[in-house]
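So the structure is just underneath, and the comments pick up after that.
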């Protein structure tokens, strides 16, 4: 009897590298030298501070949100924080309710406008998704407050690989770490982590040690895509092919200037319109703008550029909306998503 060779070890995904993760196909990632160049150039520009802006808070109805059963809605709380109601469940994205996105409370980018919905006015939260470890998306103070809310032990937190230890140390009980295209189910929702083109770094040393991702979430009759932070083109057409069409996509439109530095990691409004088509979204909502001064464009510029790009693409305003802080968009005409998602693998829950 001849020798039977041992099976080859499974091949690591292309975005896995020793010690962390990478963006496959991104030929020229930005370096620390590029970062220094950007910061030097920013000193020569007049970037309006947050107090320059007067963004109105939209009136909302917390009693309606708490009592809502089956009506799909999306409420923009600010930056990348949205409350999405679907299938009788409440989903929160990149929750940020504190004053600054910073490792300290006394310095760093501060809000231009308060959260559009107070944390105390939130309905019970069934699912939280977090896209990556940057301070505008993963906020320790907010995580601790949400974990202590009544019913917080029942909230499922879905995060990219490597973020679980942060959340557990801050009091979160139920965490699932997902690789791209992995999925899990809870509270009648199917969640799949999807690729994004970004990066991670939370401390002075150690870049790209944790993963970044977007999330597709499905309930019977409704599909939602949270793109997270991402440059273009990424894998948006593949996301649309595998998991779409979507009833609603939350797509970033801000933090794009200067393009020579931000282009690989943050899409601009023109690219956001392409993402709307690539993922086969029936409707999209703009996010990641108008809250923190993070880059060089004025905070109120992204909606104007989005309106122009939408018009050039022949899209109606209601196809890709810009909401005021706190505004709730009541959605109707959902796609049939009873089959949930195909092709998602299930990781070990932790």
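Here, each number is a calculation from the coordinates, and none is a lab measurement. For clarity, every value in this text was computed on a predicted model and none was experimentally measured. Reconstructed Cβ throughout: ideal geometry from the backbone, glycine too, with neighbour counts over all protein chains shown.
What is the distance, in nm, between label points placed 7 Å from the Cα along the Cα-to-Cβ direction at residue 63 and at residue 332?
Result for the modelled spin labels: 2.3 nm.
What number, in percent, do you get for the relative contact order of the range 68-330 if the mean sequence gap of Cα pairs under 8 Å and at least 6 apart is divided by its residue count? Before the final figure, lay out each step's value.
Details: 630 pairs, mean separation 48.4, N = 263.
Relative contact order of the range 68-330: 18 percent.
Please report the antiparallel percentage of the DSSP beta bridges confined to the range 68-330, to the nearest 5. It would help to have the intermediate numbers written out before the result.
Details: 28 of 49 bridges.
That works out to approximately 55 percent antiparallel.
Shape call for the chain from the C-alpha gyration tensor, a ≥ b ≥ c root eigenvalues: rounded (a/c under 1.5), prolate (a/b greater than b/c) or oblate? Can you show the working numbers first?
Numbers: a/c = 1.33, a/b = 1.11, b/c = 1.20.
Judged from the Cα gyration tensor, the chain comes out rounded (a/c under 1.5).
Determine the calculated [θ] at 222 nm for the chain from helices alone, applying -39500 (n - 2.57) to every DSSP H run no shorter than 4 residues and normalising by the residue count; nearest 500 deg cm²/dmol. Kindly include the intermediate steps, with their values, before the conclusion.
Numbers: 8 runs with 67 residues, N = 350.
It lands at -5000 deg cm²/dmol.
Across 5 Å bins from the origin, how do the percents of Cα pairs in the range 246-313 run, short distances first?
With a bin width of 5 Å, the distribution comes to 4, 19, 29, 26, 16, 7, 1.
Only bridges with both residues in the range 118-254 count here: give the DSSP antiparallel percent, nearest 5. Write out the running numbers ahead of the final one.
Working: 14 of 25 bridges.
In the range 118-254, approximately 55 percent of DSSP beta bridges are antiparallel ones.
Can you tell me the equivalent ellipsoid semi-axes for the range 92-187? Use √(5λ) from the Cα gyration tensor, largest first, whole Å.
Values: eigenvalues 95, 53, 28 Å².
Taking √(5λ) for each eigenvalue gives 22, 16, 12 Å, largest first.
Give me the distance between the Cα centres of the range 28-68 and the range 178-245, rounded to whole Å.
With the range 28-68 and the range 178-245 each reduced to a Cα centre, they are spaced 22 Å.
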